[in-house]
1. What number of residues in segment C:96-129 are surrounded by fewer than 23 Cβ atoms within 10 Å (Cβ to Cβ), modelled with pLDDT under 85 and touching a helix residue (DSSP H, G or I) at 6+ places or on another chain (Cβ under 6 Å)?
2. Hey, any hits in segment B:200-220 for a residue that's modelled with pLDDT under 95, of a type outside the set (Asp, Glu) and in a loop (DSSP other than H, G, I, E, B)?
3. Working carefully through the options B:TYR166, B:TYR113, find the one that is within 25 Å of B:VAL33 (Cβ to Cβ), aromatic (Phe, Trp, Tyr) and under 20 Å from the mean Cα position of the chain (by Cα).
4. Quick one: which helices (runs of 4 or more DSSP H) sit completely within segment A:166-265 and have at least 3 residues that are under 23 Å from D:ASN59 (Cβ atoms), touching a Pro at 6+ places or on another chain (Cβ under 8 Å) and modelled with pLDDT under 80?
5. I'm told D:PHE17 meets every condition in (1) more than 14 Å from chain C (Cβ to nearest Cβ); (2) within 20 Å of A:PHE11 (Cα to Cα) except one. Can you identify the failing condition by its number?
6. Determine, yes or no, whether C:PHE27 is among the aromatic types (Phe, Trp, Tyr) and farther than 25 Å from C:LEU155 by Cβ.
7. So, in segment C:268-314, of the ones that are at pLDDT below 90 and among the charged types (D, E, K, R), which residue ends up surrounded by the fewest Cβ atoms within 10 Å (Cβ to Cβ)?
8. Any idea how many residues of segment B:94-122 are buried (at least 22 other Cβ atoms within 10 Å of the Cβ) and over 22 Å from B:PHE144 (Cβ atoms)?
Amino acid sequence: MSFNWSLMVFFILAGISVGSALLVVANRNPVRSALFLVVNFFVLAIFFLTLSAQFIAAVQVIVYAGAIMVLFLFVIMLLNLGAPEALKERGGLQMPVAIALAVVFISSLGLAGSLTTGLPPTRATPATVDGSPYFTNRDILLPADLAQKLRNGADPATAYLRDQMHPEVQAKLAAYRDSDAPSVELISDMKRELNRLVDGPNLYDPQRFSSVRLSRETQKLLNSASPMTDRKRINRLLLQDVFPLEITKSDQMGSVETIGKAMFDAKQPWLLPFELTSILLLVGIVGSVVLARRRG
Amino acid sequence: MPGSPTIWDDLTLILPLIVLWITSFVLLLGDVVVWKKNRDLNPILAIVGTLIALGIAVYQTISLTGDKAFARSLNMDALAQVSMIALLVTGLLAILLAWTYLKNRGLERGEYYPLMLLSVSGAALMGAANDLIVLFIGLEILSFALYVMAGFSRSDIRSEEASIKYFLLGAFASAFLLYGIALVYGATQTTQLSELASRVHSAQTPMLVAGIGLLIVGLGFKAAVIPFHQWTPDVYEGAPTSVTAYMAGAAKIAAFVAMLRVFDSLAPVSSVWLGAIQALAVLTMVFGNLLAIAQTNVKRMLAYSSIAHAGYLMVAIATLAHRLDGPRGAQAGELAMTGSLFYLFAYTFMTLGAFGVLIYLSNRGKDYQQIEDLRGLVRHDPRTAYAMLFFMLSLGGIPPTMGFMGKWQIFYAALSGGEIMLAIVMALTSVMAAFYYLKIVYVMCFEEPREAAPAPAQFSFGASLSVLLSAAATILFGIMPGLLYTLTGLVR
Amino acid sequence: MHELPSANLVGLITGLPLLGFLFHAFFGKLIITRMGNAVGKRVVGGLATALVFASFGVSLIIFSGLLSMEGEHKRAFASLIPFLSKPVAWIDIAGFKANFGALVDPLSILMCLIVTGIGGLIHLYATGYMAADKDYARFFTYMNLFIFFMLVLVLADNILLMFVGWEGVGLCSYLLISFWYEDTENSKAGNKAFIVNRVGDVGYALGIMAIFAFFGTLTFYTADGKGFLDAAIAGKAANGADFTAEIALVIGLLLFVGACGKSAQFPLHVWLPDAMAGPTPVSALIHAATMVTAGVVMLTRMSPIIVKSETVLLVVAVVGLFTAIFAATIALTQNDIKKVLAYSTVSQLGYMFLGCGAGAFGAGMFHVTTHAFFKALLFLGAGSVIHALHHEQDMRRMGGLSKKIKVTYLTMLAGWVAICGIPPFAGFWSKDEILGYAAGIHSFGMLIYAVGLITAALTAFYMSRLMWKTFWSDQRFDEAALGAHGHGGDSHDALHDHGNDAHSVHDAQPHSSGVKESPPSMLVPLVILAALSVVGGFIGTPFNNFFEHFLEPSIARSEAHHGVSFLTGAALGTIAAAIGIALAYTLYAKRRATGELLTEAQKAGNLLYQAPANLWYVDRFFYDLFVIRGGNIAVALWRVVDQNIIDGLVNAVAGITGLFSELFRRLQTGYIRAYALSMLTGVVLVVIALLWSAMRTMGK
Amino acid sequence: MLGVPTEYFLVLSGILFTIGVIGVLIKRNPIVIFMCIELMLNAVNLTFIALGRHFVHVNGQMYVIFVMAVAAAEVAIGLGIIVALFRSKETINIDEVNLMKY
């Protein structure tokens, strides 16, 4: 790699975001502060986009830059706070001490390596993002469900896949009970076997996969490519289609579909917090009503 | 699928919360649409709703149906259930107090009780959270309602000041908490507490350490631990007294139950955080008590006292660190859990009782806030004075009150866990506490009333009942701690 | 019989006063308003008294049961809940267990008898003394509550429950001091009492911690020998660790600090004289006969731990001895009759501690018992005098009462001979016993003995002074003026000038004037106590020491022994008392008219040297030596040490804490930015501390 | 931007967070203080998303959704409080909100 373009873009955007953040703080005029905050939010939205968080990026623009900042500006205008002279900054120790402490804060985090060396070992380049077809333990999102499905073998595809697995693993699956969380070994076994299936011969057979809804990408690949060259890719996609929720389809990690499915899947821990945000918003509404009423 | 939990089982587990939510909807709509003028219906319905929720919670606790719920985002174990009971009791007493207080002030706005019930549910969620993000949302539900309630007295500039101080500092603190959650997630790839417990040991990276530090900050703010405490006296003083009473009890319970949960699952890396918790505990005990001495306003004094009590509870958290050090440590950890729950019950009863006395007295038209206002109370209102005396003795940890029993349990836990130094500091600072609690007793009993014969306080059902219930509990559970221990002892 | 008969009745001992407390708390005032002042008060007071006497009766039953018990220990475990014979769990929390149980043994039952017996008499006295009080019901509510807590204290079978009783009596004392709290000069007394007691309580609480940390239990004794005192006697903790003298030193000293607070030992004695502001029955019951001896009871209960450490014993003895002589010298200078008795109490408590310190816990308890008789008597007698003189407490305005209030005078006389240590009255036997043992302490026992004898002489002197000034000198008040316009003088009597509150008997007979003997309800207790003061000592004579023999099972064996033979001791003790009385006679008998020596001496100064030719050389010598010099020293002691240094210390501690509090509260500036800054400081410190400690542990 | 290591994003978000902290500490206008708090929250969001990408985990993004909901409710309440304060005090200088102290 001669020149890392993406790094350069990153640094440019990072510079803009830090600069706009600094200007939010440094500006005396609250209107300008708000506008620089909008700039900052937009830059963050771009970052989100590149971090495979398409949905969040959209929400960032709509909710933050759109709704929230408009509200801020509205209040500033309402209170007629455009004139910055009203709030002359006073001298004193507060500012230097505050800045010094904040710098100590970030540098202690940085120097101690909290932000740079703290990440647990993981693949340098995520499989499904860079196209590698292999699974890791983390790709198995719902190990319990995967184990259940494999054990039950309700449809021919699942049953076939299970039968292809190592007899020992099959025994383990048979012994798996719903009430237990799958052990780490079982997860590793399943991952290893899935990777073996990916490596193995083409899994596709129209009969076998008749009850599986194939994604458009899979169909395209099945129709067009020569079976030999894209065997691994096809196998991976087929497995994803058989276990749509249980294993990652991380090339679409940030899509509305993934997020929506995760959000409303009773087996994932997001349903409750999602419902709770409605309570939170209710508190917000009631609170604003109380605050907005005239005195007395 | 038979055997595995369905969504209905999950919903059953949070049935008390659902009752609270439904009650708040009914109150919100009813106040605007149905019974526009009949203001007394609001507290009555709120009480009914809380009582139903309390009944369900007690039933569920006794029948021990608790389990993880909502795909492990909630952990409705005994700790969650018992803390929910504590919160509902706090809510109940606070509604009774508010009934009197709001009526006296002409503040009977329909939104008060729904806000309070919603915040109770938020606090209960904090106590039940098995996921840091649920904890965060619970905390925000609790806090948002409290920010608004602190500023509920719109004609009082102090109330608004309390509101904005609480809001800005609270939001600041919760940003730190959130950053802490993010770093813990980065270090362990999970935010579920039950998962954390098994992962933290192998993930002792600087990122985890910094994350834990920020969690301490975020939760320490809510719990009013020094040096994250400075909002406490101002907000306690400025907020309407009924809100202060509620806030003192509910926020303390929620923050400490959440802390117990978090640090229980962080016990495998206790060597990392124990020192900081110990230091904060000492700091909080010493300065909380010290600062309370010079106060002349009862509400402010009780605010510093609440800080001091947070210090005692931090001793329990520090004891939790020894949970994995052999059988003695495990026993100490259990004791710290059960002891702090007992203590939280005690704290909520005696604090709400003390504020209740202020509210009851304010029934005379004048606001009773200064210690001076209580001069010679025993002469013209002996019953109220004795109730206050009892709450002060209990807050001071003098037997045979509930406060003593609670303090003793934490003391005992600290001793069994080997936190000898903290136990000694706790004993010494308790003496310091005698200075200011007894100042009130002294002023009430040994000084002449300023006015010859102030008008007797009008009888007010809400405040009287609330004070009576608190006093009864403080005495009963002080003499017979076993009764409450059957409940708090479930938390192991 | 190894079982205690009627063990199921033990709970009644505490139950009956508790019942009284609850009844009066809820219905007392109602009864008085409904049934009228006269009848209602009789019902309330009578019930309160009857319940305490009933409790005394139950104590007697248990006592006789205990006597009939066989076996070495004479120890039984009962419940504090009436009609249960087995103790029930009070706290049973994850490995920590404490019973709501009673330990019935000679020590506890002796104290029960004293508390309920003397307490009952004082209740009876109070029905008369408080007859005109408008808060009559409240008074008896507190009194019954006090009896309950005191009984919990002495009966508790574990040190935590004892602590509950300990704090409970403190609370009642606090409430009862405040009962008539009007005088501004004493307005800080209540606070002082509480702060000083809290200092003691910290010692006690830390002692409890230390006991728990080492022994792992807080129960004194158990049936199967697993209590911590069992362990202390066996010399092994439950986990097998040796119970060494060092551990005994730590625990013993901490507990001793606690005992000092409650029992008013130097320098924690400052609260007791001020506590006399309460009604006289309260002074007699709480601040003389029962509560203040709790420290001695506690040390006796803990004797298996205390005797293990020579150092602790010595500290107890020295502090006790010093307190005894220190307070006795102060008592010389006081003019308020109750203050004299208060300092005398402090001094006598010092004797009791001296006994404990000598390892003779039995002798200490014996003095607790006899002191309860005669000091209760003296206080009640003083109350009777005060009442007769319409709330005059200043002895300078008394005199000549021996003929006016005969019964009071005669009973006071009995108390006087008892406290002076004249054989064969009660005080003689117990004081002699203590001094005898004190003489046996180490090599310097004789020194202690000598100081003890001097104290005894001082005691005899100041008590005789009190008698002369009150009863024997000429009358120094205008009888007609008494009662006509209330009360004369500027005494700092708490009973004095309080408009709305009780004027007790005085108000009951509003138009009477002159000196009146008290009503029978007050005299009967006086007579009974006088009889006890006369003959009470015979339970513990060296010839047939029933008392100490009875108490033996409760007390650790120590190496205490008599340093002087009985006859020598008795002779020396009597001589000391005689010297004190003679001195008082020579000084006061001649000055009957004024009864004033000290003040006149200070005023007149040199004139006295030019007094008439028939000077009694002895008189002048003693006068010069003891009254002018000694008196000045005593006054100086009182003024400088007591009023300034110790009081000052207490105030300084409070002041310094307050100062720091004021200082630090300035950090609370009210600015949101400042608060946020302090939060950020906290954040930075916490994060850095965590990272630092993590790096250290990871580096390992 | 696949080639950018996750750590870079973490450091960037740390810096943004710190700038927010400084703003909270030195600004006098509560609205701007509040904006700085929003800045802090957004910095945390960036952390979450970067970590989510690192772990190929949808969790990181889920957290952000909740944080955004919290932020929205917070804005509603916070601005309400500020407007209410302005109405009664006629000033918005946070240093004049100083009735209660010591």
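The values are calculated or read from the model by the stated rules, or taken from the named source; none is laboratory data. Note that the structure is a prediction, hence the values are computed from the model and not measured. Virtual Cβ from ideal backbone geometry, glycine too; neighbours counted across all protein chains shown.
1. Here the count works out to 1.
2. yes
3. B:TYR113
4. Per the criteria, no element qualifies.
5. Result: D:PHE17 passes all but (1).
6. yes
7. Filtering first and then ranking leaves C:GLU310.
8. So the count comes out to 3.
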